[in-house]
């Protein structure tokens, strides 16, 4: 979709190059949301780690760095702005 609109982008495969803890914290800051807002509760890692969604922000960020599938995606970042790409058209806001 981005190519159709002539938008240049760099794709990062989150399973091959997971975001670091600092990158996750930065993305959350740009999104203006807490980790709970982007936590995938239906993910296997959520269940396997016995998460409740009531964990503190720091613990969730640590877990998202360790288990990248816990983080909703895609996340588009351009400069000082970020959006969650669900629906995918949100990425065009950047």
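The values are calculated or read from the model by the stated rules, or taken from the named source; none is laboratory data. What you see is a predicted model; the values in this text were computed from it and never measured. Here Cβ is always computed from backbone atoms with ideal geometry, including for glycine, and neighbour counts include all displayed protein chains.
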Exercise. Residues being surrounded by 10 or more Cβ atoms within 10 Å (Cβ to Cβ) and touching a helix residue (DSSP H, G or I) at 6+ places or on another chain (Cβ under 7 Å): count how many of those fall in segment 9-25.
Key: 7
Quiz item: surrounded by fewer than 18 Cβ atoms within 10 Å (Cβ to Cβ) and modelled with pLDDT under 90 - does that describe any residue in segment 41-60?
Solution: yes
Practice problem: Considering each of 46, 14 in turn, give the residue that is in a helix (DSSP H, G or I), in contact with a strand residue (DSSP E or B) (Cβ under 9 Å, 6 or more places away or on another chain) and free of Cβ contacts under 8 Å to residues at least 60 places away in the same chain. | Solution: 46
Quiz item: Yes or no: residue 40 in contact with a helix residue (DSSP H, G or I) (Cβ under 8 Å, 6 or more places away or on another chain) and farther than 23 Å from residue 79 by Cα?
Solution: yes
Practice problem: For residue 28, state whether it is surrounded by 15 or more Cβ atoms within 10 Å (Cβ to Cβ) and closer than 22 Å to residue 91 by Cα. | Solution: yes
Quiz item: Would a scan of segment 75-89 turn up a residue that is assigned to a helix (DSSP H, G or I) and at negative phi?
Solution: yes
Quiz item: Which is in contact with a strand residue (DSSP E or B) (Cβ under 9 Å, 6 or more places away or on another chain), under 24 Å from residue 1 (Cα atoms) and in a helix (DSSP H, G or I), of 60, 30, 19?
Solution: 30
Quiz item: Looking at (1) in contact with a strand residue (DSSP E or B) (Cβ under 8 Å, 6 or more places away or on another chain); (2) more than 15 Å from residue 26 (Cβ to Cβ), which is the one condition that is false for residue 84?
Solution: (2)
